[in-house]
Each structure stands twice: as structure tokens, then as C-alpha cells.
Amino acid sequence: MSAIIQADGLEKVFRDFWRRPRVRAVKALTFEVHAGEVFGLLGPNGSGKSTTMKMLLGLLHPTAGRLTVLGAPPRDVRVKSRIGYMPEESSLYPFLTAEETLDFFARLFPLTAAERRRRVAELLEMAGLTHARHRLVGEFSKGMARRICLAQALINDPDLILLDEPTSGLDPVGCRQVKDCILALAARGKTIVLSSHLLADVEDLCGRIAILYNGVLCALGGVRDLLEEPEQMQIFLPALSEDRRLPILAWLRDQTGVEPRWDHPRRNLERFFLETVREARGRVPDQTGVRISEEIRLAPFLSGSRGET
Ligand SMILES: Nc1ncnc2c1ncn2[C@@H]1O[C@H](COP(=O)(O)OP(=O)(O)OP(=O)(O)O)[C@@H](O)[C@H]1O
Ligand SMILES: [Mg+2]
């Protein structure tokens, strides 16, 4: 598999006005991200996630180390045109409407007027904001602003998508939709790097993760491998009555010499919440700022990956 991102010994030192080192935000960071992966950057506040993202984007220049993104240094303009970025703060121009906002970002790329209009309309639809396209984004709720930010990151049909805390500020329905959108983008072969503090989201989405602490890489690997407890195993069965269960447990105890534990699996809270909201939707009139179909449908213009470099 080809590496879309190759970081080798990456460092970032922020200096003060007199060029004295003030913060070593990222230290000796080495990792790779492969084509089509969803890669998670985790770590406590201030651990260097956003700084790493900004280096990947070419917005910050590494103090040391080597970094290749899509086969070139990240400052290369050809690379930039193939990257989409959703910053952690939804920094939007408050006096533009939703439609004008997306059109503004679309104009940064060489698109015809017709193509621009098509992409803007498709992304507004995908974000569930078509009805709010003439409203000023300055009036948007945090969740609506987040959706516009995600739409903005996709306007150039990027191959590599960098998402800094994409689900922050979204309600659980919005979170699920953004997660489904990320999975659908990955299924089309896009490469995604995201940071998040919501560990359950990361577990749902990411194939591999890196955990940073104070700028230092502390863990790197496949989520399944990192979380698996190889010394334990679980067996799934339909629920058994006590008279059928007891002899099975006794047999297991004889065979293994340990007392087997049993329990009913639980739905996770996200699934329970989504089912409750879905059920309420039929009864309670919908007045929220976002309207979106149950299933996320990617904007049709978003292509499969243009392949690897
Ligand atoms: N422009 C800057 N100038 C000086 N220091 C900075 C700058 N940007 C980030 N830092 C520092 O670098 C360190 C890492 O910050 P960064 O924003 O990368 O953390 P993070 O992991 O994204 O945190 P959070 O979870 O809060 O978003 C922090 O100590 C921060 O204060
Ligand atoms: Mg951050």
C-alpha cells in the first residue's frame, strides 16, 4: 500500500518574539498514513494534534524532520489542491450566507461557474442545510456551522481529508451522520486523518490511531490490535434459560478450571439514543435548524479516489 503521508522525525518548536524556543509542540514524530485509511490522532489538550495537522497542510513549517504528503512536500500547490481541511474552530465569514460561503471556497479552485453551482448545491443537500442556504452563517448554531465547515472541506473533491475534531459541537444524530459521511468517503477510497476527543467515535471510525502526549508519540497501531485482550475470549449465544445454561457453565468450568462469567450484551448509548430520536421524529414536529435524511448521501460530485501517487 502506498503512503499518502510519510512523517519522519517531525518536530515543531514555537518560538517567542526573540526567537527563543517557547513550546516544543511536536517531538520526533514518525508515522505513515496509507491510501484509503481512516487514521486517528488522539491526545489530551495541547498534545500537538492540531499542530501536526497544520504541518500536514503546509500551514506550519516543521522545525525538523521530513514530511511528504501525496508524494510531495506539503507546501507544494499541487498537493494543496488535493487536500480538504476542516479546522477545529469553525472560522467562517459571519456576513456570508451558507451558499455564498461554499461558493467563496469553491472559487479558490479552477472550477467553471456551472460546476461550482452544482457542487455547492450538492454539498448543501448533503449537509442538510439546503433550506438554510440564504441564511447568514454568523447566525448558525454550532452544529450547523460544523456542517458547513465539513462541506467546505469537500468542495475540491479532495483525495486527502484532514478533519480536526469533526464531531465537536454536534448532537448525537449529527455525529452519527458525520461519521457515516467519513466512512462513505473512505469507502470511495479517500484518505482521512482526523483528531477527536470522543474516543467512541474514533473507535467506530479509525483503522489505525496515534496517541500523542505532550508532543510525543506514545502509541501507534491498529485500533483492534491495540484494544484486543488476547488473554480473554467471549462466546456469543442466544439467551439460554437457567436450566440449559447451568450445565454448560459447569462443563466450561470443568474444562478450563476457571469460573466462566456470563452477561447479556448491551446496546451502546448512541444506538439507543438514535432509535429514541427516530421514533420521536414521527410524533414531534421538526423545527431544528438542520434537516437531513436518515441516511447520509454523499454529494454525487465526490469521486472515487484519483488513485495513489
Ligand atoms: N501558534 C502557536 N504559537 C505558540 N504555541 C502554540 C501555537 N499553536 C500551538 N501552540 C502550542 O503547541 C502545543 C500543542 O498545541 P495543539 O493546538 O497542537 O494541541 P492539540 O493537541 O490540538 O490540543 P486540543 O486538544 O486542545 O485541540 C500547545 O502547548 C500550544 O499552546
Ligand atoms: Mg487541537
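Bear in mind these aren't lab numbers, they're just calculated from the coordinates by the rules spelled out. Computed from a predicted model, the values in this text were never measured in an experiment. With ideal geometry, Cβ positions are generated from the backbone for all residues, glycine too; neighbour counts draw on all protein chains shown.
Observations, loosely collected:
- The relative contact order of segment 120-229, computed from alpha carbon pairs under 8 Å that lie at least 6 residues apart in sequence, is 19 percent.
- Considering all C-alpha pairs of segment 1-119, those separated by over 22 Å amount to 47%.
- Label-point gap, in nm, between L220 and D76 - each point 7 angstrom along Cα→Cβ: 2.1 nm
- Here the simple spin-label model places points 7 Å from the Cα toward Cβ, and for R117 and S2 these points are separated by 3.6 nm.
- The Rg/Rh ratio for segment 128-287, using Cα coordinates for both the radius of gyration and the Kirkwood hydrodynamic radius, is 1.10.
- Shape box of segment 163-238 [Cα atoms, principal axes, largest first, Å]: 41, 36, 26
- With the simple spin-label model, which puts each label point 7 Å out from Cα in the Cβ direction, the R271 to V258 separation comes to 2.6 nm.
- The chain - percent relative contact order, Cα under 8 Å, separation 6 or more: 24 percent
- 222 nm mean residue ellipticity, helices alone, for the chain (DSSP H n ≥ 4; -39,500 (n - 2.57); rounded to 500): -10000 deg cm²/dmol
- Taking the average, over residues, of other Cβ atoms within 10 Å as the packing measure, peptides 116-126, 4-14, 215-225, 231-241 rank 116-126, 4-14, 215-225, 231-241 from highest down.
- Loop sites in segment 24-101: trypsin sites (Lys or Arg not before Pro), DSSP, at most 15 other Cβ within 10 Å: R75
- Debye-sum result for the chain in log10 I(q)/I(0), which assumes one identical scatterer on each alpha carbon, at q = 0.14 Å⁻¹: -1.10
- Contact order relative to length of segment 1-55, as percent, for alpha carbon pairs under 8 angstrom and 6 or more apart: 36 percent
- Cβ-derived FRET efficiency at R0 35 Å, L227 paired with R281, nearest 0.05: 0.55
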